[in-house]
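Each reported figure results from applying straightforward, stated rules to the coordinates on display, with no laboratory input. What you see is a predicted model, and the numbers here were worked out from it, not measured in a lab. Cβ sites come from the backbone with ideal geometry, for glycine too, and all protein chains shown count toward neighbours.
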Amino acid sequence: MVYVRLCSSNRKADRELIAELKRTAEGKSFDEQVLPDRTISDLDFNAAAACFERHRKLVEKDMESLRLVARYQGHLVPTVGGMLLFGKDRELIFPDAWIQCGRFIGKDKAAIFDHIEIHEHLPVAVQRVIEFLKKHAMRGADFSELKRRDVWSIPLTILREAVVNAVVHADYSQRGAPIRVAFFDDRIEIENPGILLPGLTVEDMLQGISRIRNHVIARVFRELDLIE
């Protein structure tokens with residue numbers, strides 16, 4: 001049996017966690033793995049090009065340099081990251097790769113006021129989450145300068161970063177839960193599947209130390225200026 005240390009307790013490692021430990025030891029990420037039973041036509045190139053259009057013109061050979069596809073037995077096939085980002089039928093393979101948003105009345109989940117399910121491509125999904133949060137936030141105006149400036153009751157810049165981090169660092173090998181965003185009267189909670197990467201502690205995170213779980217997704221998000 002394999003056990004891992006989580007805070008002050010030990011946890012028996014399941015099959016998915018053992019696989020992640022092995023990938024970490026090999027210096028690989030889950031989203032770099034290939035999907036040999038899929039073809040490059042399973043990726044939506046037009047959707048990828050639309051996401052990149054404000055940054056550069058995407059051409060098909062970029063799909064390989066971005067690691068959206070990789071060579072397997074002499075031909076190109078999608079990677080896990082490519083399918084998660086721009087797969088035409090992503091949720092057939094990764095049924096939990098979507099985002100659930102809810103606005104609750106009060107400080108718990110006893111009464112829900114509004115909710116949406118976001119199934120769009122991951123770079124677009126981030127913006128849809130922010131739109132949902134803005135829908136339920138209060139907006140004021142700052143006229144201290146020459147032009148009006150909207151002032152929101154929630155810290156949108158910080159929340160965008162938190163949502164991006166949740167998407168980039170989710171453990172998509174896990175089954176059973178999507179990414180969840182819950183808006184309460186006094187807080188906003190963002191949850192993603194997975195535990196801390198092996199060797200990373202809460203104390204490390206508080207000191208600004210980070211490690212990338214999904215290299216392909218992070219690379220694309222960085223090129224889209226969603227992360228630094």
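Along each of its three principal axes, how wide is the spread of alpha-carbon positions in region 99-194, in whole angstrom units, largest first?
Extents along the principal axes: 50, 31, 19 Å.
Work from the charge dipole of region 99-194 (Cβ charges, +1 for Lys and Arg, -1 for Asp and Glu, about the Cα centre) and give the residue of ALA177, ILE190, PRO123 farthest towards its positive end.
Projecting each Cα onto the dipole axis, the largest value belongs to PRO123.
What is the sum of charges around ARG56, taking Lys and Arg as +1, Asp and Glu as -1, for the other residues whose C-beta is under 12 Å from the C-beta of ARG56?
Working: positive: ARG54, LYS57; negative: GLU53, ASP62, GLU223, ASP225.
So the environment of ARG56 carries a net charge of -2.
Calculate one ³J(HN,Hα) per residue across region 123-128 by plugging θ = phi - 60° into the Karplus curve 6.51 cos²θ - 1.76 cosθ + 1.60, and present them in order as whole Hz with x for glycine and proline.
Those phi angles translate into x, 6, 4, 4, 5, 5 Hz.
Rounding to the nearest 20 debye, state how big the charge dipole of region 34-168 is about its Cα centre with +1 on each Lys and Arg Cβ and -1 on each Asp and Glu Cβ.
Numbers: 20 positive and 19 negative charges, 100 e Å.
Magnitude of the dipole: close to 480 debye.
To the nearest 0.05, how large is the calculated FRET efficiency for ILE158 and ASP96 if R₀ is 22 Å and r is the Cβ-Cβ distance?
So the FRET efficiency works out to roughly 0.30.
Could you size up the charge dipole of region 29-93 around its Cα centre, putting +1 on the beta carbon of Lys and Arg and -1 on that of Asp and Glu, and report it in debye to the nearest 20?
Rounded to the nearest 20 debye, it is 240 debye.
Suppose every Lys and Arg Cβ carries +1 and every Asp and Glu Cβ carries -1, with no other charges. What dipole size does region 99-194 come out with about its Cα centre, to the nearest 20 debye?
Using only the charged Cβ atoms, the result is roughly 200 debye.
Remind me, relative contact order of region 29-93 in percent, using alpha carbon pairs under 8 angstrom and six or more residues apart?
With pairs under 8 Å counted, the relative contact order is 47 percent.
Placing +1 on the Cβ of each Lys and Arg and -1 on the Cβ of each Asp and Glu in region 29-93, which of LEU35, ALA70, ILE93 has its Cα farthest towards the positive end of the resulting dipole?
Result: ALA70, furthest along the dipole toward the positive end.
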